[in-house]
Amino acid sequence: SYYNSYSKTLKELNMTFVDDVYSQLNEELVYVMLPSFTENRYQNTYAVLKVLSSKQMEDVLKARLEECKKQSIVIDEPIVYTAAGGENFTIYKLPTEPLGRIPQKLWGNLFSHVSARYVTFVGSYMVFANSAESAQIFIDDNAKGRVFSSDPNYARFDDNVKASYSLYTYAVIPSTVALFKDFFNEEVGSIIDRSSIELKNMNALSY
């Protein structure tokens, strides 16, 4: 059954580590897509967790990586990246097993495009990225203030959204409409195809 399969996956991931992740999760779990300038349109796709303490969560991650070393799993040295503002960030590379695809293993196929081989910490957030370069893009965008809170178009949407919700989606339509079909069934996909020109005339969509 799905539950048995899920339980087996969590045990392989390490239940103590899973418990630590959940104990640190602070209300927000976000799937983020930024523009990609490669053939892989999902290159800059992230899973972002708001955590209670970045330092504590980073210590948990480092302890888990040390455990992997003791099991003779090769662990690459972390990358220290200096952001646009001069602040240093550590980017960790995770081994494919047992720490590969953590977001998908924990939260399902919405995160199937996030290989999550790289992890960094930005403010109160733990950021899973597909590559070191993708992690650096996320870090630099944050350092330069390229965030939703400074986008007036997003602010207008956010003003109309209730303060409490269990799921919130925001998409900039012109740059994301081509991806919609990957997230919906065939029937909806064909409607999106027929309406793509009209959709691209819209600025954004929130759900």
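The values are calculated or read from the model by the stated rules, or taken from the named source; none is laboratory data. What you see is a predicted model; the values in this text were computed from it and never measured. Neighbour counts run over all protein chains shown; Cβ positions are idealised from the backbone, glycine included. These accessible areas exclude ligands, DNA and RNA; they are computed on the full protein's heavy atoms, side chains included. Shrake-Rupley method; radii C 1.70, N 1.55, O 1.52, S 1.80 Å.
General observations
- The GNM of the chain, with springs linking C-alpha atoms under 10 angstrom apart, assigns the highest mean-square fluctuation among 64, 101, 194 to 194.
- GNM flexibility winner over the chain from 115, 124, 196 (Cα, springs under 10 Å): 196
- Rounded accessible area of residue 74 (nearest 10 Å², 1.4 Å probe): 120
- Within the shell of other residues whose beta carbon sits under 15 angstrom from the beta carbon of residue 117, the net charge comes to 0, with Lys and Arg scored +1 and Asp and Glu -1.
- Within the shell of other residues whose beta carbon sits under 15 angstrom from the beta carbon of residue 65, the net charge comes to -2, with Lys and Arg scored +1 and Asp and Glu -1.
- GNM on the chain, alpha-carbon springs under 10 angstrom: the most fluctuating residue among 43, 71, 104 is 71.
- Helix-only CD estimate at 222 nm, as mean residue ellipticity for the chain, using -39500 (n - 2.57) per DSSP H run (n ≥ 4): -11500 deg cm²/dmol
- Once the convex hull of all Cα atoms in region 1-48 is built, its volume per residue stands at 121 Å³.
- Per residue value of the accessible surface for the chain (all protein chains in place, 1.4 Å probe), Å²: 60
- With Cα atoms, 0 to 90° folded angle of helix 2-13 axis to the chain main axis: 50
- Carbon and sulfur %, accessible surface of the chain computed with the full protein complex present, 1.4 Å: 52
- Between residue 23 and residue 88, full extension at 0.36 nm per residue minus the direct alpha carbon distance yields a gain of 20.7 nm.
- Using the Cβ of residue 2 as centre and a radius below 14 Å, the other residues enclosed give a net charge of +2, where K and R count +1 and D and E count -1.
- Considering only alpha-carbon pairs that sit under 8 angstrom and 6 or more positions apart, the relative contact order computed for the chain is 16 percent.
- Pair residue 201, residue 170: separation of 7 Å Cα→Cβ label points (nm): 2.5
- Anisotropy class of region 92-146 from Cα gyration tensor, a/c 1.5 cut: prolate
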